Ligand code: HBI
Ligand code: FE
């Protein structure tokens, strides 16, 4: 397995931030894009002052977190727990028919219960046990460079707040439901974990242009990837696995499916409303990881 240290990097353009040598070199307090209580006007919680206070309180805890310390426990309210219960219950109806077998295998390891929002610290220990990955709390959407760099060191930066109660089946940004139900079961699967790490390793010292391409590769695999199983399409991307509507859409006759070529120009990512029109369909995780590795080699050999 690759270790970040095995990538000898010639420090090139002075404008790039220094190449992180360990997770300690990746700040989780700056580089937050959308965060805390600064919600956009179309955010479901925009008019809810109490929700915004709650968000900034949870964001502050994340900013204070030091590597090596346990992730602070959040005392989630009954209202927040109801949101989690609804999301878990609804999504669980679709998993047996829509999620890939690796997800279904890993899911029971977490003992998710509608009665309790899992704490990141417990989840981080489960990841560490199976694949050596760790969770690090972060205040909000982390800049793609820092986020991808974290993957190189088997670290998943995760938000800890929950979406607004007004619409439990919708969130415009990652929240704890997305991080937990979308990402965690996949990250205990070694082949998938390698795939994510390969994208992360490629991001160390990458140019801004390369970071953007890697962000798209991450988006079309880790977030919206699908995989073929016995001639059927199944979801492994967290953006699909954490959205009831997206799971149904994926299985409908609407979207198209393509083979991923990491060297090709990738379609524009759409963040907002609506579902993906096209998904990349993988044959296996190891096959996809190999393709990503060949692309990664072009980053670390040239410029
Ligand atoms: N930040 N907190 C957080 N969670 C994510 O899932 C996340 C992120 N920043 C960027 C990101 N995901 C990716 O979609 C890519 O932009 C790398
Ligand atoms: Fe995500």
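Annotations for the structure displayed:
- Residue 257 paired with residue 111, simple spin-label distance in nm, labels 7 Å along Cα-to-beta-carbon: 3.6
- For segment 254-303, the spread of Cα positions along the three principal axes, ordered from largest to smallest, is 39, 26, 14 Å.
- Estimated [θ] at 222 nm from DSSP helical runs (n ≥ 4, -39500 (n - 2.57)) normalised by residues in the chain, nearest 500: -12000 deg cm²/dmol
- For segment 251-303, the relative contact order works out to 43 percent when only alpha carbon pairs closer than 8 Å and six or more residues apart are counted.
- Principal axis dimensions, largest first and in whole angstrom, of the chain by Cα: 53, 47, 39
- Taking a ≥ b ≥ c as the square roots of the eigenvalues of the Cα gyration tensor, segment 194-303 is prolate, since a/c reaches 1.5 or more and a/b is larger than b/c.
- Alpha-carbon geometry of segment 114-184: the Rg and the Dmax are 12.5, 37 Å, given in that order.
- Full-extension gain in nm, residue 232 to residue 277, via 0.36 nm per residue minus C-alpha separation: 14.4 nm
- For the peptides 229-241, 213-225, 60-72, the ranking by packing is 213-225, 229-241, 60-72, with the highest mean count of neighbouring Cβ atoms within 10 Å listed first.
- For segment 110-252, the square roots of the Cα gyration tensor eigenvalues, ordered a ≥ b ≥ c, give a/c below 1.5, which places it in the rounded category.
- For the chain: relative contact order, % (alpha-carbon pairs under 8 angstrom, 6 or more apart): 19
- Net length available on complete extension from residue 24 to residue 167 is 47.8 nm, with 0.36 nm assigned per residue and the Cα-Cα distance removed.
- With a cut-off of 11 Å on the backbone N, the residues of segment 74-111 near the modelled label site 7 Å out from residue 50 along Cα-Cβ are 78-80.
- Global form of segment 192-257, assessed from the alpha-carbon gyration tensor, a/c cut-off 1.5: prolate
Read-outs throughout are calculated quantities, based only on the coordinates presented, and are distinct from any laboratory measurement. Remember, it's a predicted structure, so these values are computed and weren't measured experimentally. A quick note on method: Cβ atoms are made from the backbone with ideal geometry, for glycine too, and the neighbour counts reach across all protein chains shown.
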